[in-house]
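**Student:** Mind having a look at this structure? Questions to follow.
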Amino acid sequence: MNFSGLIQDFGPLTITGLAQGAIIALFALGYTLVYGVLRLINFAHSEVFLLGSYACLIVWGFFGLDQNSATPSTLSVIGLLLLGLVAAIVISGITALGVELVAYRPLRKRNAPPLAFLITAIGASLFISETVGVMTQRNIKGVPPLIQPRDVFVIGNMHVTNLQILIIVLALMSMFLLDRFINRSRLGRGIRAVAQNPDSAALMGVNKGRVISLVFLLGGLMAGIAAVMYDLKIGVTRFDAGFLLGIEAFTAAVLGGIGNLRGALLGGLLLGLLQNYAASLFGTEWLHAASFVLLVLILLVRPTGLLGESLGRARA
Amino acid sequence: MLLELKDVTLMYGRIQALHGISLSVGQGEIVALIGANGAGKSTTMRAISGLRPVAQGTITFNGEDITKLRADLRVVRGVSQSPEGRGIFPGMSVRENLEMGAYTRRNRAEINEDLDRVFTLFPRLKEREKQVGGTMSGGEQQMLAVGRALMSRPKLLLLDEPSMGLAPMLIQQIFDIVVEINQQGTTVLLVEQNAQQALSRAHRAYVLETGEIVKSGTGAELLTDPSVKDAYLGVA
Ligand SMILES: Nc1ncnc2c1ncn2[C@@H]1O[C@H](COP(=O)(O)OP(=O)(O)OP(=O)(O)O)[C@@H](O)[C@H]1O
Ligand SMILES: [Mg+2]
């Protein structure tokens, strides 16, 4: 174990961990929203993310950009980023709604048992990722260098880059808006009502089907933003990009308390940090093993996650 | 008739809970539904509000066949239920719970009027406006459930055991409030274990036994009916 390395690099590890964690947290919201309302783990959420990560690349491709392009001017970068975000958000949102419509709604109509949902979830996930795999010959796809990481400020040996700031700020802003929507708006109140007591929600006139579509959509929007950030950060994507990150995001959701929005944020950031500290402490090859051992330990102490379960109960 | 059930049967899986019941509630009435535990009173309420699909028979509300209408749309038509077990949203404040009752409505001024009205009927709710529903006492939750059901400005208010869990003094009060709500123009279908109170306040009543209506009449008639007295009014 390399303690001196961890202490020496604590600053840089923390900032990379936070940026990584912000992406995981955005991704995790989709699991938590759907679980909060349906008590269902939407395993196909990783492919909602996956299609978002391709959507922005395709749009950037329209402008003749690929991984070998030069970085465009600042003004075009802003425009391209916005277009990429819109494309990813739209495609991820549509994918999420589509998964709900095709894989889950028919089962719900027939009152299927929870295991049936699990199977269709895995089935939908595999179907989408394999289709992407076939269409891309399982090759990686490079991301145009829209943002050349540059130090914005330096504290000791901690170099904070423009990309890291973008990721963290965008993630926090999106989550803040989502939180406002869920906690302040009428539709948000409808979502919380279904999460807390579906029968009572129906007695208040809440259309459960619409609430379900809405949470899938919201989770999809967040995954779309996460996907663009991921592309820019990692520089490549691939048909199975959603898989491991999906497991991490799901874990983050459980760690924070599944069904709890603020738990997803906390869980995501914590997982990002843990991974980076663990990589430094035990070596990069142990990154996932070590961070998951730590997670299990945390869950042993707090089985319902750090902030506790339930979308509704998490209040300001 | 505002509400009419004709030969309604309802199944929980293979268990038949309602064996073809027919009942009606007229505009402006308080109608009570009494019966022993497990008779099917709450089930009848669920059939009317649409929480459970009926197997056979028809439910007509305000001249419209609502047998197959989704529960949330029945609220828009004017049916509102305070359910058995209260069904408070535990993570929402008292105020938010009441706002949920007005979920289908948009006119802010009218909603505020109704909030005031509920706070006047239940001053306790006003005092606890910001408290989280799940931490309210059982009796307070009961008031909240009734208040919340009023917030949709229903034509028909379904109350499933509104006196449950209330102290004796409050039981009197809640029945007074039911009468007051009714006099303000809301039709009420009332399920009660507290048959004495329910029958003395209701215009008409039905007696339910194992999923069948076995008796009906005015509240006063049933209060003096020997078999009803024996079975539901206790020795006192
Ligand atoms: N979800 C359910 N699944 C199966 N059976 C049920 C279900 N709900 C109710 N029942 C059965 O249906 C019958 C009627 O129940 P219901 O709740 O309507 O009775 P009730 O008259 O309201 O009784 P109480 O006075 O105890 O509230 C009972 O025999 C009950 O066991
Ligand atoms: Mg009952």
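**Student:** Just checking: which of the strands (runs of 3 or more DSSP E) contained wholly in segment B:12-66 hold 1 or more residues that are within 14 Å of another protein chain (Cβ to nearest Cβ), open to solvent by 30 Å² or more (accessible area, probe 1.4 Å) and more than 7 Å from ligand 1 (Cβ to nearest atom)?
**Tutor:** none
**Student:** Collect the residues in segment B:90-148 that are within 21 Å of the chain's Cα centre (by Cα), within 12 Å of chain A (Cβ to nearest Cβ) and more than 20 Å from A:G188 (Cβ to Cβ), keeping them in residue-number order.
**Tutor:** Residues satisfying the conditions are B:Q141, B:L144, B:A145.
**Student:** In segment B:133-166, which residue that is over 26 Å from B:A47 (Cβ atoms) and open to solvent by 50 Å² or more (accessible area, probe 1.4 Å) is nearest to ligand 1 (Cβ to nearest atom)?
**Tutor:** B:S137
**Student:** Looking for something crowded, with 21+ Cβ neighbours inside 10 Å and aromatic (F, W, Y) - is there at least one such residue anywhere in segment A:262-278?
**Tutor:** Within segment A:262-278, none of the residues are crowded, with 21+ Cβ neighbours inside 10 Å and aromatic (F, W, Y).
**Student:** Would you check if there is a residue in segment B:195-207 being within 16 Å of ligand 1 (Cβ to nearest atom), more than 30 Å from B:R77 (Cβ to Cβ) and open to solvent by 10 Å² or more (accessible area, probe 1.4 Å)?
**Tutor:** Checking segment B:195-207: at least one residue is within 16 Å of ligand 1 (Cβ to nearest atom), more than 30 Å from B:R77 (Cβ to Cβ) and open to solvent by 10 Å² or more (accessible area, probe 1.4 Å).
**Student:** Can you find, within segment B:182-194, the residue that is nearest to ligand 1 (Cβ to nearest atom) among those that are modelled with pLDDT under 95 and under 22 Å from B:L5 (Cβ atoms)?
**Tutor:** Among them, the one singled out is B:Q193.
**Student:** Right, next: For segment B:209-236: of the residues being surrounded by fewer than 16 Cβ atoms within 10 Å (Cβ to Cβ) and more than 24 Å from B:G20 (Cβ to Cβ), which is nearest to ligand 1 (Cβ to nearest atom)?
**Tutor:** Here the residue is B:G234.
**Student:** Going residue by residue through segment A:37-45, is there one that turns out to be closer than 11 Å to A:A226 by Cα and under 18 Å from the mean Cα position of the chain (by Cα)?
**Tutor:** No, segment A:37-45 has no match at all.
**Student:** Would you mind telling me which numbered condition in (1) in contact with a Cys (Cβ under 7 Å, 6 or more places away or on another chain); (2) at pLDDT below 95 A:G84 fails?
**Tutor:** Of (1) in contact with a Cys (Cβ under 7 Å, 6 or more places away or on another chain); (2) at pLDDT below 95, only one is false for A:G84: (2).
**Student:** For a quick check of your reading of the model, give me the residue pairs whose first member lies in segment B:33-59 and is free of Cβ contacts under 8 Å to residues at least 40 places away in the same chain, whose second is crowded, with 22+ Cβ neighbours inside 10 Å and in a helix (DSSP H, G or I), with beta-carbon atoms closer than 7 Å and at least 6 apart or on different chains.
**Tutor:** Listed by first residue and then by second, the contacts come to B:G50/B:A71; B:G50/B:R74; B:L51/A:A202; B:L51/B:A71.
**Student:** Okay, next question. Under 9 Å between Cβ atoms, which residue pairs at least 6 apart in sequence (or on different chains) link something in segment A:239-261 that is touching a residue at least 60 places away in the same chain (Cβ under 8 Å) and part of a helix (DSSP H, G or I) with a partner that is acidic (D, E) and open to solvent by 20 Å² or more (accessible area, probe 1.4 Å)?
**Tutor:** Every condition considered, the pairs that remain are A:L261/A:D179.
**Student:** Turning to a different aspect of this structure: Are there any pairs, at least 6 apart or on different chains, whose C-beta atoms fall under 7 Å, with the first in segment B:151-168 and within 13 Å of chain A (Cβ to nearest Cβ) and under 23 Å from B:S137 (Cβ atoms) and the second within 16 Å of ligand 2 (Cβ to nearest atom) and assigned to a loop (DSSP other than H, G, I, E, B), and if so, which?
**Tutor:** B:D160/B:P83; B:D160/B:E84
**Student:** Which of (1) small (G, A, S); (2) touching a Ser or Thr at 6+ places or on another chain (Cβ under 7 Å); (3) farther than 18 Å from B:K68 by Cα is the odd one out, the single condition B:G26 does not satisfy?
**Tutor:** With respect to (1) small (G, A, S); (2) touching a Ser or Thr at 6+ places or on another chain (Cβ under 7 Å); (3) farther than 18 Å from B:K68 by Cα, B:G26 is out only on (2).
**Student:** With (1) without any contact (Cβ under 8 Å) to a residue 60 or more places away in the chain; (2) within 14 Å of chain B (Cβ to nearest Cβ); (3) crowded, with 24+ Cβ neighbours inside 10 Å as the list, and A:L307 as the residue in question, which single condition is left unmet?
**Tutor:** (3)
**Student:** Condition first: within 13 Å of ligand 1 (Cβ to nearest atom), under 19 Å from B:L158 (Cβ atoms), touching a strand residue (DSSP E or B) at 6+ places or on another chain (Cβ under 9 Å) and open to solvent by less than 20 Å² (accessible area, probe 1.4 Å). Can you find one or more residues in segment B:82-89 that meet it?
**Tutor:** yes
**Student:** Something else: Which numbered condition trips up A:T131, out of (1) free of Cβ contacts under 8 Å to residues at least 40 places away in the same chain; (2) over 21 Å from A:A227 (Cβ atoms); (3) not aromatic (F, W, Y)?
**Tutor:** (2)
**Student:** Here's another thing I want to ask about it. Looking only at segment B:71-78, decide whether some residue is within 12 Å of chain A (Cβ to nearest Cβ), more than 16 Å from ligand 2 (Cβ to nearest atom), of a type in the set (D, E, K, R) and open to solvent by 30 Å² or more (accessible area, probe 1.4 Å).
**Tutor:** Checked segment B:71-78: at least one residue is within 12 Å of chain A (Cβ to nearest Cβ), more than 16 Å from ligand 2 (Cβ to nearest atom), of a type in the set (D, E, K, R) and open to solvent by 30 Å² or more (accessible area, probe 1.4 Å).
**Student:** Here's something else I'd like to know. Would you confirm whether any residue within segment A:287-303 is more than 14 Å from chain B (Cβ to nearest Cβ) and within 30 Å of A:L82 (Cβ to Cβ)?
**Tutor:** no
**Student:** Could I ask something else about it? Sort out which residues of segment A:164-202 are within 10 Å of another protein chain (Cβ to nearest Cβ), in contact with a Pro (Cβ under 9 Å, 6 or more places away or on another chain) and open to solvent by 10 Å² or more (accessible area, probe 1.4 Å), and write them in order of number.
**Tutor:** A:Q196, A:N197, A:D199
The values are calculated or read from the model by the stated rules, or taken from the named source; none is laboratory data. This structure is a prediction, so every number in the text was calculated from the model and none was measured. Neighbour counts are summed over all protein chains in view; Cβ atoms, including those assigned to glycine, are modelled from backbone coordinates with ideal geometry. With ligands, DNA and RNA removed, areas are computed over all heavy atoms of the protein, side chains included. Shrake-Rupley method; radii C 1.70, N 1.55, O 1.52, S 1.80 Å.
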